[in-house]
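Before any comments, here is the structure.
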Amino acid sequence: MASALGGFGRRLGVQSYFSLYGLLSGLLMFAGVIIVLFPIAWMVFASMRPLAETFGSPPAWIPREVTGDAYAKIFSDPRQLRYQLNTYIISFSTAILSVGLGALAAYGFSRFRIWGSEFILLTIMALQMLPGVSIIIPFYNLARSAGVWNTYLGMIMADTVFALAISIWLLKSYIDSIPTDLEEAATVDGCNRFQALYKIVLPLLAPGLVGTGTFAFLYAWNDFVFATILRNGHELMPMTVAIGNFFTQANRDWNAIMALNTMATLPLIAIFVFLQRWVIEGMTAGALKE
Amino acid sequence: MPPETGHTGASPPASGVNRGAGQARRSRWLMIRRELTGYSLVAPALLFLILLTVYPLMRTVQMSFTDLKAGEWIFVGLEHYREALDDRWFWNSVRAVVAFTVPALVLHLLIGLGFALLLNETWFSTGLRNFMRGLLILPWVFSTPASALMWALLLHQTGPVNYVVVRILGQSAPIPFLAGSPRLAMSSLVAINTWLSYPFFMIIILGGLQAIPPELYEAAKVDGANALKRFRHVTLPQLRTILLAVTTIDFIFTFGQLDLVQLLTRGGPLRRTETITYYVYKTGMLDGNLGYGSAVSTMMLLTLLVIIVVYVKLLSRGGESGETSF
């Protein structure tokens, strides 16, 4: 494909692959990748080596002495394990709830005539864009009076609010792309509508459900504000809040917190590596309407 | 979900005498039933969203006209709004959010566009491009607390950034990036936010670049346009709508950023990084001044709402006419 800035090399008479321009842009890209990935690498290094190496002068750019002390510490501390467990509980539940509610609504919007559906869908998207802080005051009151303050349910519902909008949009575009003929054909063949849905639509929709669930999972995993105001104490604290609390501690155990931070980010990297396409689809859902 | 079939006993039977009317009634009944099925499918999600976003938003507006005195809500009208307009810390927070959002947005755009152009280069094979793209999106999946912590370690007094600055640039003492001068603290926040947010621009611009028909570049080349001219007259106009969309969305997200400030500076030094979202959080949640916090929140909401409505208008118009690509 022709590029916006390409062609310097060709004008100099050098052919495509080893052009001066190609080399320059390759170097630039390489430098960019290093700068972007360095903070992540530094965190992982800090979690697996003695502190003296991290804070030494000059700092050891590559770990010399590898130790699992920090990980042993966080995996033997029930409180630290609890943070991890809480994050998993909240994230999985949010993913299931948003995909469940989202799939029903998306199917409704895609296959049935809903009065004002265009307006409703755009409003959902607009509401999702508003900063969470704009509703936290009444949200906090609502959670308290409904008795879901300091429960998993409260945090899961808060996270679902924001993940649901994206879920509906993503799943709707997915269902739109499944031809109605398939369901109709199945109905003619003696399936009722529910069976048609179960046997025909659901299998075709499965990748979309996984992808949307991934996005909701990421959203809940990374939530900090709602987890801060909707709970109290250590019992229900997710990792993000535990990490945030580190900033207010007087005695900072950088080693252990970097291990926890690594545990909080490695699953994201894993998810990203395997489900990259879905993450990208979710992140572009608001900006690119198909 | 209720099963919906065309031939269960639920529909009225068509008699031989009144066959036409029976069928009409029957199809009407089916139609109503179909409509009801549709609404019952979307109802749970919509009720959920109304209860947990529309209602809290309306409560925010309502609370902004009231004050909590001795456990009772009293109506104070526009008192809080008047108070806010006279409050120098309110204006301070408006200034701070502009000083944070504008440079951050420019950096997101420039870095995102730069990486997108590089990724779009011809020397990349598809596999290599996807790999590089994957590495470059990575920061986007991280939570703000996780990345705040990574950067706190990097910017530590004896961290690698300070080492480089002190040794190589010949500074005499380590630089307290987040607790030194207000300007430096704000710049650090902007830098960290940029690290987290540029991938959004990069991905969307890259998608836009790949949708530009190559013939346009060929034609421009035939006309003798050099690389810079091709960028200005082909690439930029083709990306216009996408850039508008992504900038609007990113503006709202960046404007609404709370976690970074809350974690790294808590509004300091000298309250100069106290953005409006942090001010809402501080007055409403930390100081318990619910009415006043809601008033500031409402003003912020109205500002953002104007932007969102304009954006959504553009979005829906583009969808109908098919003129724009989003």
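The values are calculated or read from the model by the stated rules, or taken from the named source; none is laboratory data. Remember, predicted model here, so these are calculated numbers, not experimental data. All Cβ positions, glycine included, derive from the backbone under ideal geometry; neighbour counts span all protein chains shown. For accessibility, only protein heavy atoms count, side chains too; no ligands or nucleic acids. Shrake-Rupley method; radii C 1.70, N 1.55, O 1.52, S 1.80 Å.
Some notes on this structure:
- Checklist (1) over 30 Å from residue B:209 (Cα atoms); (2) part of a helix (DSSP H, G or I); (3) among the aliphatic types (A, V, I, L, M); (4) in contact (Cβ under 8 Å) with a residue 40 or more places away in the chain applied to residue B:68, failing item: (2)
- For region A:28-73, residues that are within 30 Å of residue B:119 (Cα to Cα) and either at the interface with another protein chain (Cβ under 7 Å from one of its Cβ atoms) or open to solvent by less than 20 Å² (accessible area, probe 1.4 Å) (or both) total 10.
- Subset of region B:104-129 that is open to solvent by 50 Å² or more (accessible area, probe 1.4 Å) and in contact (Cβ under 8 Å) with a residue 60 or more places away in the chain - its residue that is farthest from residue B:254 (Cα to Cα): B:111
- From the options B:75, B:65, residue that is surrounded by 18 or more Cβ atoms within 10 Å (Cβ to Cβ) and of a type in the set (Phe, Trp, Tyr): B:65
A quick yes/no check of all residues on (1) more than 19 Å from the chain's Cα centre (by Cα); (2) within 9 Å of chain B (Cβ to nearest Cβ):
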| position | (1), (2) |
| --- | --- |
| A:87 | no, no |
| A:92 | no, no |
| A:99 | no, no |
| A:115 | yes, yes |
| A:130 | no, yes |
| A:143 | yes, no |
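- Some residue of region B:214-234 being assigned to a helix (DSSP H, G or I), farther than 27 Å from residue B:153 by Cβ, open to solvent by less than 10 Å² (accessible area, probe 1.4 Å) and of a type in the set (Val, Ile, Thr): no
- Residue within region B:255-277 that is open to solvent by 50 Å² or more (accessible area, probe 1.4 Å), touching a residue at least 24 places away in the same chain (Cβ under 8 Å), in a helix (DSSP H, G or I) and not charged (D, E, K, R) present: no
- With respect to the conditions (1) within 12 Å of chain B (Cβ to nearest Cβ); (2) farther than 19 Å from residue B:262 by Cα; (3) in contact with a Leu (Cβ under 9 Å, 6 or more places away or on another chain); (4) open to solvent by less than 10 Å² (accessible area, probe 1.4 Å), residue A:265 falls short on a single one, namely (3).
- Residues in region B:84-122 that are polar (S, T, N, Q) and within 10 Å of chain A (Cβ to nearest Cβ): B:120, B:122.
- Listed by position, the helices (runs of 4 or more DSSP H) contained in region A:194-246 that have at least 1 residues being out of contact with any helix residue (DSSP H, G or I) (no Cβ under 7 Å at 6 or more places or on another chain) are A:202-222, A:239-246.
- Close contacts from region A:90-105, counting a first residue that is farther than 11 Å from residue A:220 by Cα and a second that is β-branched (Val, Ile, Thr) and open to solvent by less than 10 Å² (accessible area, probe 1.4 Å), with Cβ to Cβ under 6 Å and a gap of 6+ residues or different chains, come to A:97/A:160; A:99/A:212; A:102/A:168; A:105/A:168; A:105/B:42.
- Within region B:152-184, considering residues that are within 14 Å of chain A (Cβ to nearest Cβ) and in contact (Cβ under 8 Å) with a residue 40 or more places away in the chain, the one most open to solvent (accessible area, probe 1.4 Å): B:179
- Residue within region B:202-211 that is open to solvent by 10 Å² or more (accessible area, probe 1.4 Å) and more than 19 Å from residue B:115 (Cβ to Cβ) present: no
- When residue A:168 is tested against the conditions (1) under 30 Å from residue B:151 (Cβ atoms); (2) open to solvent by less than 20 Å² (accessible area, probe 1.4 Å); (3) at the interface with chain B (Cβ under 10 Å from one of its Cβ atoms), the lone failure is (1).
- The residues on offer are A:91, A:117, A:145, and the sole one that is hydroxyl-bearing (Ser, Thr, Tyr) and either closer than 18 Å to residue A:206 by Cβ or open to solvent by 40 Å² or more (accessible area, probe 1.4 Å) (or both) is A:145.
- Hits in region A:39-73 - residues which are out of contact with any Ser or Thr (no Cβ under 9 Å at 6 or more places or on another chain) and either touching a residue at least 40 places away in the same chain (Cβ under 8 Å) or not in a loop (DSSP other than H, G, I, E, B) (or both): A:41, A:51, A:52, A:53, A:69, A:72, A:73
- Residue list for region A:154-185, restricted to those being of a type in the set (A, V, I, L, M, F, W, C) and outside any helix (DSSP H, G or I): A:178
- Test: residue in region A:196-217 that is within 13 Å of chain B (Cβ to nearest Cβ), touching a residue at least 40 places away in the same chain (Cβ under 8 Å) and either aromatic (Phe, Trp, Tyr) or touching a strand residue (DSSP E or B) at 6+ places or on another chain (Cβ under 8 Å) (or both): yes
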